[in-house]
Amino acid sequence: MDVIETITQAATQTSFATERVQHLARVADRNRPASQNTVDT
C-alpha cells in the first residue's frame, strides 16, 4: 500500500472520529438544562 494513501486514510478516519465526538458533545450540551446553556445554532 502507498505510504501517502495510508496517511490520508488515517487522517480521514481521525477527522471523522473528531467530528463524531464534537457532535456527541453538542447533543450532550443540548440535553443539559437550558438555564446553563447559551443557545448556539
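The values are calculated or read from the model by the stated rules, or taken from the named source; none is laboratory data. Model, not experiment: these values are computed from the prediction. Glycine gets a Cβ as well: all are built from the backbone with ideal geometry, and neighbour counts include every protein chain shown.
Of the residues making up the stretch 1-15, those that are of a type in the set (A, V, I, L, M, F, W, C) and loosely packed, with under 10 Cβ neighbours inside 10 Å number 3. With respect to Thr8, is the statement that it is of a type in the set (Ser, Thr, Tyr) and at pLDDT 95 or above true? Answer is yes for this residue.
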